[in-house]
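Q: Below is the structure I would like to discuss, written out as structure tokens.
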Amino acid sequence: MTPFRAHPILSPVLGLEGYYEPASIDEALDILRRGNGKPFAGGTDVIINLRRRTVTYKGLVNIKRLPGIADWSTEPGEGLHIGAATPFRDLESSPSVTQRYSALAESIRVIGSVQLRNMATIGGNLCNASPAADSAPALIVSKATVTFTGNGDGTRSCLVEQFFSGPGRSILDPDGLLLSLEIPEPESNSGDCFQRFTPRGALDIAVVSAASRITLDRSSGRVQEAVIALGAVAPTPVRAGKAEEVLVGHEPTPDLMAQAAKIAKEECNPISDIRGSASYRQALVEVLVRRTLEQALERAQR
Amino acid sequence: MEHYSLKINGNVYETDAEPFESLLDVLREKLRLTGSKKGCDEGECGSCTVLLDGKPVLSCILLVSDVREKEVLTIEGLPQGGEPHPIQVEMTERGGIQCGYCTPGIIMSAYALLQENPRPSEDEIRFAIAGNICRCTGYSKIVEALQAAAGTPIR
Amino acid sequence: MAQPEQVTSAAQSGPYDWIGSSVPKVDALDKALGITQYVGDMQMPGMLHARIRWSGVPHAVIRGIDTSDAEKVPGVRAVLTAGDIPGVNRYGLAVQDQRVLADDKVRSAADPVALVAAETEQAAEEAINKIKLDLEPLRPVLSIEDALDPTAPAIHEGGNLFARTTVRKGDLDQGVRDSDVIVETTYRTHLMDHMAMETESSLAYMDPTGVLTIITSTQYPYRDRRQIAPALNLSMNKVRVVQAPIGGGFGRKDDITSEIHAGLLALKTHRPVRLIYTRQDSLIANTKRHPMLMKFRTGARSDGRLTFVDADIYGDTGAYLSLGAFVIKKAGIHACGPYDVPNIRVDTHTLYTNNLSSGAMRGFGVLQAAMAHESQMDQLAHRLGISPIDIRLINTLKPGLATGTGQVMDEGCGIEATVLRIKEYMESHDLRFARS
Ligand SMILES: Cc1cc2nc3c(=O)[nH]c(=O)nc-3n(C[C@H](O)[C@H](O)[C@H](O)COP(=O)(O)OP(=O)(O)OC[C@H]3O[C@@H](n4cnc5c(N)ncnc54)[C@H](O)[C@@H]3O)c2cc1C
Ligand code: FES
Ligand code: FES
């Protein structure tokens, strides 16, 4: 396998000058620090943007052949470790993922199409930082953390929830690399669910998405913890904190969940764009939060 | 320019290409394997679907450099011993083909499905081909053809 | 390669026995095998690749087009603008209101202003992006309301109202007097793309006898030739249009698409030229389904019988007519739907705007009208407390009755049977209407 390649290209395709396929993280970081290119994994965002000429890059850094970056593993009771360049389809095809991580599996199954998910990676979805990124709400309610290279040497970690800083922006440095995700083992008295609304069933982008997790107090059956995350209603994926609050400590009745959904609708502040008006999005938030809470509860009670 | 030895349909093809070129363009324009179609060039329509190491992918947004040391299967590689694959036969006989532009992509998605799941339900078939847009047929006849190819009952 | 078994049986002996039986399409197996050659699959030795620069602006005066940087892109063999057209710079299906390349004015964002042919697609793409347009924007006409505004600028000589058609039957005033309820609503439909899976494409070359040959994804080779020859200043017998297998048309490949442009470039470069629209080109440049504004007033008696339809249908044909006037006229002809209506006043108005142009698309205007007349029926049913099925059964055209334009129905009129089948289906599946 050719390790490191840096060479000028005579007639540039897509306006690019260099193509790199680093074989080690250090080499990759070195190329990135020198400002030589944009990292890509599945390329399903990067290549599209280049084709549409909405961006230009000096070169491209293919990170898929970095050791371990496309590997994932799980042990019962130990949670899930996912290399950043793992294609979605690998996770979706594994019962050990889909049976334990319902919301994540539901979010993956709606992304693009089967073919797209054989290419698109979970790390790319997060680094692309679209407010509508479908894996984000599910990862937030799963309390996933990401590990990435920080300024200088060493690595840093944070919750997925803290990773985004604006539309298309994350706290990752331009020359940083996302390495992996860790998702803790779900507790047995807990359940989660993801749903999104799109006019089409496949190959569409969420007008609104929502994920909910409910953890029940084993003895009382009351809500011990509630996490609600919303997509496409703010510059980044967000939590619906006030809606979560009304649930905690109470019996999860249908009325209470409906009330929480109404609060989620009121506390979010979406914009109007081609996919939907602000008020339509808010109406969807109420419906999706209610439905995902109901489903999460059912799963928690199983 | 780079030199690539690409394993396609069990053969090795030698070609020069830039690493940023899409596999689809290399297949169609350089290797003259034109069965894979270009409907959108941005991953939305599925007409460029080929199998990469057995998995369906979108060759229009797959860079040729990513194909290095992997195996590609295109529509041209499906017939065995000069005989069309059963999916190709059923699509032909059951009205799954009108203009035919989506057809190679649909057949490749279906082939990948049947490799993994030889007796899929109707829902599983529809899920597997959801990334393949067909503007002519309305899909019903395609689904019937794929059910026939899988030997499952046609609704 | 083995042909699939033909669906034949002993019963198929007479010449009409194929009717009603399922027969595989003759070209389907090749398509399944991926060996059918669409235009985009073809190459010729020495072939150049072409791209089009669109105006990008809906309405403007062209002050200048600077192609000098584009010409310098390595591999570029021709950059053409309106001045390079050897024949008449006009074409069109019904009226010649389109320019091969924009000359005086830009009338829509999809006006082609320059063409490039180059050794590679990338070079052609780079070159079109280097063409500098000096455009002086004019007030754009972007909606039906804009087009009806008497102060709006005229897009073509002759104004923005291209045609009006009328349908009249009975006595409208009498119809209004006979009505127990009247519903009045304005409907709008939107522009829609056919989105054929294959984009528009042509491969043009000069054959050894000096005939310009254009292999193209088209619905009408002869109608294309009638438009290509005058633009290129060639006699008809010097132009040959070959219809390639077409990857979906649905009406959009009725019009000239890539044919004249590819032909012109082949003529100028003496090389084969292949022009394949990108999906974006296709979305920008080709005809769409007409957006319509439909003002409907419909009356009925308390027993559900329709008394009158009074409607104005405005169609936005965009910057060029294509088949617009015919599509919009047809919406008017079908404005009463498959119903027996005693008194009718329907006017249609075909309007030019600076929007993308619309033309033929599956249904040809009838769909837009259906959206309005069926919504009117539902509203009448609701107001009268009759089921939506029953109000239709009361009014459907039956053999012997005539449409609004006087066509008397014979035994081929299946609307009543259709509605009855729907009724039966709904009953057997316990389906109900949401309202009423
Ligand atoms: C047809 C189509 C349909 C789609 N549908 C959906 C959908 O339904 N839902 C959805 O959420 N998205 C969708 N997408 C968007 C896209 O597929 C996803 O965001 C995908 O997960 C991106 O992953 P990738 O590996 O392809 O990213 P790439 O394109 O390779 O990269 C995306 C971004 O992340 C950066 N990046 C990638 N990996 C790393 C890393 N390890 N470290 C640092 N930076 C990195 C890149 O520099 C780039 O900025 C769709 C895209 C297409 C083309
Ligand atoms: S051409 Fe690749 S998905 Fe449309
Ligand atoms: S057969 Fe024409 S697009 Fe599917």
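Q: Scan region A:138-165 for residues that are out of contact with any strand residue (DSSP E or B) (no Cβ under 6 Å at 6 or more places or on another chain) and either among the aromatic types (Phe, Trp, Tyr) or in a loop (DSSP other than H, G, I, E, B) (or both) and jot them down.
A: Once the filter is applied, which keeps residues that are out of contact with any strand residue (DSSP E or B) (no Cβ under 6 Å at 6 or more places or on another chain) and either among the aromatic types (Phe, Trp, Tyr) or in a loop (DSSP other than H, G, I, E, B) (or both), region A:138-165 yields A:143, A:151, A:152, A:153, A:154.
Q: Next up: Name the residue that is farthest from the other protein chains (Cβ to nearest Cβ), counting only residues in region C:177-218 that are open to solvent by 70 Å² or more (accessible area, probe 1.4 Å) and more than 30 Å from residue C:357 (Cβ to Cβ).
A: The qualifying residue farthest from the other protein chains (Cβ to nearest Cβ) is C:177.
Q: Inside region C:374-406, can you point out the residues that are open to solvent by 30 Å² or more (accessible area, probe 1.4 Å), closer than 11 Å to residue C:339 by Cβ and of a type in the set (S, T, N, Q)?
A: Scanning region C:374-406 gives no hits.
Q: Against the condition under 13 Å from the mean Cα position of the chain (by Cα) and in contact (Cβ under 8 Å) with a residue 24 or more places away in the chain, how does residue A:176 come out, does it pass?
A: Judged against the criteria, residue A:176 is not a match.
Q: Let me ask something additional. Looking at A:263, A:214 in this structure, which one is of a type in the set (Val, Ile, Thr) and touching a Lys or Arg at 6+ places or on another chain (Cβ under 6 Å)?
A: A:263 is the lone residue from the list that is of a type in the set (Val, Ile, Thr) and touching a Lys or Arg at 6+ places or on another chain (Cβ under 6 Å).
Q: For residues that are over 16 Å from residue B:34 (Cα atoms) and either among the aliphatic types (A, V, I, L, M) or away from ligand 2 (no atom under 16 Å from the Cβ) (or both), tally how many sit in region B:95-118.
A: Count: 13.
Q: May I pose another question? Name the residues in region C:169-215 that are within 16 Å of ligand 3 (Cβ to nearest atom) and β-branched (Val, Ile, Thr), would you?
A: The one that is within 16 Å of ligand 3 (Cβ to nearest atom) and β-branched (Val, Ile, Thr): C:199.
Q: Take the conditions away from ligand 2 (no atom under 16 Å from the Cβ), under 27 Å from residue B:45 (Cα atoms), modelled with pLDDT of 95 or more and among the basic types (Lys, Arg) and apply them to residue A:109. Does it pass?
A: The answer is yes for residue A:109.
Q: Within the set of pairs 6 or more residues apart or between chains, which connect a residue that is within 14 Å of another protein chain (Cβ to nearest Cβ) and on the phi < 0 side of the Ramachandran plot inside region C:234-263 to a residue that is acidic (Asp, Glu) and open to solvent by 10 Å² or more (accessible area, probe 1.4 Å) with Cβ atoms less than 9 Å apart?
A: Close Cβ pairs satisfying both conditions: C:245/C:27; C:245/C:30; C:252/C:193.
Q: Only one of (1) within 15 Å of ligand 3 (Cβ to nearest atom); (2) within 14 Å of chain A (Cβ to nearest Cβ); (3) in contact with an Asp or Glu (Cβ under 8 Å, 6 or more places away or on another chain); (4) in a helix (DSSP H, G or I) fails for residue B:108. Which number is that?
A: It is condition (3) that residue B:108 fails.
Q: Do you know which of the residues in region B:91-105 that are buried (at least 24 other Cβ atoms within 10 Å of the Cβ) and in a helix (DSSP H, G or I) is nearest to ligand 1 (Cβ to nearest atom)?
A: Ranking the candidates gives B:105 first.
Q: Considering C:321, C:275, which residue is at pLDDT 95 or above and under 13 Å from the mean Cα position of the chain (by Cα)?
A: Residue meeting the stated conditions: C:321.
Q: Can you tell me which residue within region B:125-151, out of those that are in a helix (DSSP H, G or I) and within 11 Å of chain A (Cβ to nearest Cβ), is least open to solvent (accessible area, probe 1.4 Å)?
A: Only one residue fits best here, namely B:128.
Q: Collect the residues in region B:45-80 that are in contact (Cβ under 8 Å) with a residue 60 or more places away in the chain, touching a helix residue (DSSP H, G or I) at 6+ places or on another chain (Cβ under 7 Å) and within 16 Å of ligand 3 (Cβ to nearest atom), keeping them in residue-number order.
A: Once the filter is applied, which keeps residues that are in contact (Cβ under 8 Å) with a residue 60 or more places away in the chain, touching a helix residue (DSSP H, G or I) at 6+ places or on another chain (Cβ under 7 Å) and within 16 Å of ligand 3 (Cβ to nearest atom), region B:45-80 yields B:46, B:47, B:49.
Q: Name the residue that is farthest from the chain's Cα centre (by Cα), counting only residues in region A:206-218 that are at pLDDT 95 or above and open to solvent by 10 Å² or more (accessible area, probe 1.4 Å).
A: Checked region A:206-218; the qualifying residue farthest from the chain's Cα centre (by Cα) is A:217.
Q: Another question, then. Determine, yes or no, whether residue B:82 is over 30 Å from residue A:61 (Cα atoms), at the interface with chain C (Cβ under 10 Å from one of its Cβ atoms), away from ligand 1 (no atom under 16 Å from the Cβ) and surrounded by fewer than 21 Cβ atoms within 10 Å (Cβ to Cβ).
A: Yes; evaluated as a whole, the condition is true for this residue.
Q: Determine which member of the set B:2, B:42, B:14, B:29 is in contact with a strand residue (DSSP E or B) (Cβ under 8 Å, 6 or more places away or on another chain) and either crowded, with 24+ Cβ neighbours inside 10 Å or free of Cβ contacts under 8 Å to residues at least 60 places away in the same chain (or both).
A: Exactly one residue qualifies, and that residue is B:14.
Q: Go through (1) open to solvent by 10 Å² or more (accessible area, probe 1.4 Å); (2) closer than 19 Å to residue B:128 by Cα and name the single condition residue B:47 misses.
A: Result: residue B:47 passes all but (1).
Q: So, restricting to strands (runs of 3 or more DSSP E) that lie completely within region A:20-137, which ones have at least 2 residues that are open to solvent by less than 50 Å² (accessible area, probe 1.4 Å) and in contact (Cβ under 8 Å) with a residue 40 or more places away in the chain?
A: A:38-40, A:59-62, A:79-83
Q: Pick from C:100, C:61, C:57, C:95: which is farther than 24 Å from residue C:280 by Cβ and assigned to a loop (DSSP other than H, G, I, E, B)?
A: The match here is C:95.
Q: Among the listed residues C:338, C:399, which satisfies the condition of being at pLDDT 95 or above and either among the polar types (S, T, N, Q) or under 30 Å from residue C:172 (Cα atoms) (or both)?
A: Exactly one of C:338, C:399 is at pLDDT 95 or above and either among the polar types (S, T, N, Q) or under 30 Å from residue C:172 (Cα atoms) (or both), namely C:338.
Q: Quick one: which residue in C:140, C:208, C:150 is in contact (Cβ under 8 Å) with a residue 24 or more places away in the chain and outside any strand (DSSP E or B)?
A: The unique qualifying residue is C:140.
Q: Can you find, within region A:13-45, the residue that is nearest to ligand 2 (Cβ to nearest atom) among those that are in contact with a helix residue (DSSP H, G or I) (Cβ under 8 Å, 6 or more places away or on another chain) and hydroxyl-bearing (Ser, Thr, Tyr)?
A: Among them, the one singled out is A:44.
The values are calculated or read from the model by the stated rules, or taken from the named source; none is laboratory data. Predicted, not measured: the structure shown is a model, and the values here were computed from it. Note: ideal-geometry Cβ built from the backbone for every residue, glycine included; neighbour counts use all protein chains shown. Note: accessible area is taken over every heavy atom of the protein model, side chains too, but ligands, DNA and RNA are not part of it. Shrake-Rupley method; radii C 1.70, N 1.55, O 1.52, S 1.80 Å.
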